[in-house]
Number of protein chains: 2
Amino acid sequence: MGVNLLELLRRYDKTGIYNVYLRWHELLSDTYRVVRESFSVPREINVHGKVIRYGDINKVVICGMGGSGIVGDLVYDMYQDVAEVPIVVIKDYHLPRFCDERTLVIAISYSGNTEETISAFVEGIERGCQVVSVSSGGVLEEFAKKLGTPHVAVPRGTQPRAALPCLVAATLAILEKFNVIGDTGGDVKECSAVLRDVIEENRPEVGGRALELANAIGDKVPFICGHTFYRGVAIRLKNEFNENSKVVAVASTLPEFDHNDIVGWELKPSNVVPVFIRDRDEDEVTRARVTCTEDVLRSLGLRIEEIWARGRSRLAKVLSLCLLGGLASVYLAVLRGLDPGEVVTISLLKRYMSEKLRVVESLRKRLCIE
Amino acid sequence: MGVNLLELLRRYDKTGIYNVYLRWHELLSDTYRVVRESFSVPREINVHGKVIRYGDINKVVICGMGGSGIVGDLVYDMYQDVAEVPIVVIKDYHLPRFCDERTLVIAISYSGNTEETISAFVEGIERGCQVVSVSSGGVLEEFAKKLGTPHVAVPRGTQPRAALPCLVAATLAILEKFNVIGDTGGDVKECSAVLRDVIEENRPEVGGRALELANAIGDKVPFICGHTFYRGVAIRLKNEFNENSKVVAVASTLPEFDHNDIVGWELKPSNVVPVFIRDRDEDEVTRARVTCTEDVLRSLGLRIEEIWARGRSRLAKVLSLCLLGGLASVYLAVLRGLDPGEVVTISLLKRYMSEKLRVVESLRKRLCIE
């Protein structure tokens, strides 16, 4: 191998973000169990004299940004062909017009202080939506407590992106209680075992596929492409390479890739690395499309990286890929001598926005929360 | 200027795709007028003995790929805060589970031969959705005629991406007839005038902003970022640079960009060009976010390209940017000595897939169409 990854992690991973990935299997199953036991859908609540009745929804809107927002994408991918109601993902301050009293709005912000998500949460309350919030504290929890809206607390103390299994588990448990999806207890159990395997096979002592992928990317632009089911995973991996490794990255999706992106590869760009997400259970059409696309790229002289989903359940497939990508992005960071936990510009922008416009304060006033 | 763009267009634009962009204002207003006059929502239709009743919808699903699929994104951006029903965009073979007899499914394929879109159309019929198709002929038109489902014909004879105004105009006219949106006649008129201005200001004799943008990009990766309202425009411009200019490109969206992508810029990558989509009517929060983000990138030493929406209506803003980006991508192609009309790998892949799996033939059988 030549590199001592353990030593590099010790030197550069100042916040110890790597260690959180090692606990994903526990974070997933523990959070799922706790939320299943503790969360129940209220019959109705009363917000400033207005009654919001819960149950009987016909639309789901999942709001969040970044490491919290990706939960909506992953849930959409896993359950849009199971759920009998539309699942819509919103990554912005505002809700679409259609949100009404039969809309379940799940507002997810790991920190609880994301101004876009708090804004969407407040709009949900004002429109009489059936709002549920998820956070590890912060303003979102405070607002929920003061207004009496149902809130799910997840364990505190890490970077939002590393908390993914907590947020996914909480969201699954909520969706089950609203009968949007069936019981995922078995999937959570299987997924937890698969995540443990992924950790073992990619430990710093062995490196594994995660290290290979990190080496293949280097300081190039990783271009991650999955078929439609893995749209969210591709976005997640892009985000991980952005935040942990500090590289520009691209997320793309097949079959749409074949209608435009592929032409960008005809002249064999040298600074971009294609990474395809694969699945042993791809149906015949998907397999043909992925392999044809890869063949065309190879015929242009390009080298393709593949990463394969693990496990049987959709949950295991999706989270195993997220974990592999997460580890690869952490390894890439320390190989480049960078701290994977540090996200300087994000913090800077959050402070800028907060000081400039005081959005949260004005929402506080709008809801008459002291 | 130094380059003779007219001469380059004459030499490299073999299919004359550039000339189609010059007619966008006419394509938009003519198609809108014709579809408004000729299309009416049927009360009910009978497909193989099953009655599909039209009207009273509570969900809209817009299906299409590439140059046809982008219509769904643009319509979503323009009308999600106006429409009282969810608008969902599907770029794949399959419809989400929620599609039922109260779902309007608009299947758009300029050629009429896109297998993903034909598949989604067939699923729509089988599920009893209120299906409407849009094409310039092909299998989609044939299926619609044989089954008796409402079909909108748009003018033939160009590349799907260059036909954007026809497809947008047809979709707007359909959505009006289903009362999803109000009358857009005034917007179409204004937009048409704005498009004419954009053409004038960016003629090859003057070059204009389109040529400046093409020069700034060169053979680098254009990274196009708009705030949420311009998510579809960013994707469209990415697609145009892919297809016309043969470069890898990225589409991104604010505020989500600030939660991950921005970190990828911290080390000032030299092969990527940031292009921000701007709008003189941005609200206060959006303006603060875009300018803060640009300031942070500039403080890292990066040079930012801006492109500004034109006109008053959303339609004018969106299509003026699409036209400017389209012209820039054509200019970039010919500056690089490439034919903007040629998309070798897309054609190759379509043929591969069609020969390998014969998806359309099997759909034909499924619907008993001889």
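The values are calculated or read from the model by the stated rules, or taken from the named source; none is laboratory data. Every value quoted in this text rests on a predicted model; they were computed, and no experiment measured them. Positions of Cβ are generated from backbone atoms using ideal geometry, with glycine treated the same way; all protein chains shown enter the neighbour counts. To get the accessible areas, we keep the full protein, side chains included, count just its heavy atoms, and leave off ligands, DNA and RNA. Shrake-Rupley method; radii C 1.70, N 1.55, O 1.52, S 1.80 Å.
Residues in region A:341-366 that are more than 8 Å from chain B (Cβ to nearest Cβ) and polar (S, T, N, Q): A:347, A:354, A:362.
Table: residues versus (1) among the β-branched types (Val, Ile, Thr); (2) within 12 Å of chain A (Cβ to nearest Cβ).
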{"site": "B:180", "(1), (2)": "yes, yes"}
{"site": "B:191", "(1), (2)": "no, no"}
{"site": "B:214", "(1), (2)": "no, no"}
{"site": "B:225", "(1), (2)": "no, yes"}
{"site": "B:245", "(1), (2)": "no, yes"}
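Restrict the check to region A:302-313 and report whether at least one residue is open to solvent by 10 Å² or more (accessible area, probe 1.4 Å), free of Cβ contacts under 8 Å to residues at least 60 places away in the same chain, within 9 Å of chain B (Cβ to nearest Cβ) and at negative phi. No - not one qualifying residue is present in region A:302-313.
For region A:1-116, the helices (runs of 4 or more DSSP H) that sit wholly inside it and include 3 or more residues that are touching a strand residue (DSSP E or B) at 6+ places or on another chain (Cβ under 8 Å) and within 13 Å of chain B (Cβ to nearest Cβ) are A:66-79. When A:134, A:188, A:122, A:168 are checked against the criterion of being outside any helix (DSSP H, G or I), farther than 19 Å from residue A:305 by Cα and open to solvent by less than 10 Å² (accessible area, probe 1.4 Å), A:134 stands alone in meeting it. State which residue is farthest from the other protein chains (Cβ to nearest Cβ) when the search covers only region B:248-260 and only residues that are more than 19 Å from the chain's Cα centre (by Cα) and open to solvent by 10 Å² or more (accessible area, probe 1.4 Å). The extreme case among them is B:256.
Please verify whether residue B:206 is assigned to a loop (DSSP other than H, G, I, E, B), open to solvent by less than 10 Å² (accessible area, probe 1.4 Å) and either more than 19 Å from residue A:267 (Cα to Cα) or not assigned by TED's automatic domain parsing to the domain that holds residue B:87 (or both), treating the condition exactly as stated. Here the answer is no, as residue B:206 does not meet what is asked. Going residue by residue through region B:263-285, is there one that turns out to be touching a residue at least 60 places away in the same chain (Cβ under 8 Å), open to solvent by less than 50 Å² (accessible area, probe 1.4 Å), at the interface with chain A (Cβ under 7 Å from one of its Cβ atoms) and of a type in the set (D, E, K, R)? Within region B:263-285, not a single residue is touching a residue at least 60 places away in the same chain (Cβ under 8 Å), open to solvent by less than 50 Å² (accessible area, probe 1.4 Å), at the interface with chain A (Cβ under 7 Å from one of its Cβ atoms) and of a type in the set (D, E, K, R).
Tell me, please, whether a residue that is open to solvent by less than 10 Å² (accessible area, probe 1.4 Å), in contact with an Asp or Glu (Cβ under 9 Å, 6 or more places away or on another chain) and under 17 Å from residue A:254 (Cα atoms) can be found in region B:46-62. No, the conditions are met nowhere in region B:46-62.
Residues of region A:229-247 that are open to solvent by less than 10 Å² (accessible area, probe 1.4 Å) and outside any helix (DSSP H, G or I): A:247 alone. Tell me, yes or no, whether region A:228-240 has at least one residue that is at pLDDT below 95 and at the interface with chain B (Cβ under 7 Å from one of its Cβ atoms). Within region A:228-240, one or more residues are at pLDDT below 95 and at the interface with chain B (Cβ under 7 Å from one of its Cβ atoms).
Just the residues that are assigned to a helix (DSSP H, G or I) and open to solvent by 10 Å² or more (accessible area, probe 1.4 Å), please, taken from region A:137-165. Scanning region A:137-165 gives A:138, A:139, A:141, A:142, A:145, A:146, A:147, A:160.
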